1. With just the Cα atoms defining each centre, how far is region 78-93 from region 125-199? Give it in Å.
2. Given Cβ point charges of +1 (Lys, Arg) and -1 (Asp, Glu) and nothing else, what value in debye, to the nearest 20, does the dipole of region 28-187 about its Cα centre take?
3. Relative contact order of region 28-187, please, whole-number percent, based on alpha carbon pairs below 8 angstrom and at least 6 residues apart.
4. Straight-line reach only, C-alpha to C-alpha below 29 angstrom: list the lysines that LYS36 could link to, leaving out same-chain residues fewer than 8 apart.
Amino acid sequence: MNSFVRFAPMRHICSLILWTLAVAPTSGCTGYVERKWSEEVVLDDGSIIVVDRYVKFQESNSPAGDAYNSTNIKGTLAFTGKQAELPKWDVPLTPIVLYRDVQPEEWVIVATTSNCDTWYERGRPEPPYWEFRLRNGKWTTSQLSDTSIGRKTNLFFGYEPNLPAKRIGVELKTQILANNDFAAKYRSVVADLKSRCGY
């Protein structure tokens, strides 16, 4: 039997192993993560409501672990208590502000993202925020309003590493904000903020 024919399968297997080892490091780590919690939210009049939150996001990283990225797959905010009849907000973004506008009387959510693909797909807004208003029983996208500009965050957004508790109170959120170096875009709605994604 020809020696080339005899060893061809072994050469093929070795080549396949070497190719797999060469390609594997470029893929990095990826995976889906889910978080579910309830939290207290302080409104403009000082009253506190409780909302239920859920997020599902996909994590990715470079082989060296220095290029972390996440993409929101799903994000919901559901009212409880006296507001339980209000429809659930269901958008794959990161909500940072929830308030009730006095004029007109509408519930408002302001959300953002750290993912450039999401920013491009959703119209590349500058500043990089999306405003949602509850009108006629439906959450609708609205232009970022003056009443939203400058508002400090009152929703929990530091859920990627892990959840500090299943119910996140106002005091705990305050502590987390004080003890972490979060980006300015998450701490408040910044009027002159530019997206880091560029054009």
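Since every read-out is calculated from the coordinates, none of them should be taken as a lab result. All of these numbers come straight from a predicted model, not from anything done at the bench. We place every Cβ from the backbone using ideal geometry, glycine too, and count neighbours over all the protein chains shown.
1. 17 Å
2. In debye, rounded to 20, region 28-187 gives about 260.
3. For region 28-187, the relative contact order is 20 percent.
4. Here the lysines satisfying the reach criterion relative to LYS36 are LYS56, LYS74, LYS82, LYS88, LYS138, LYS152, LYS166, LYS173, LYS185.
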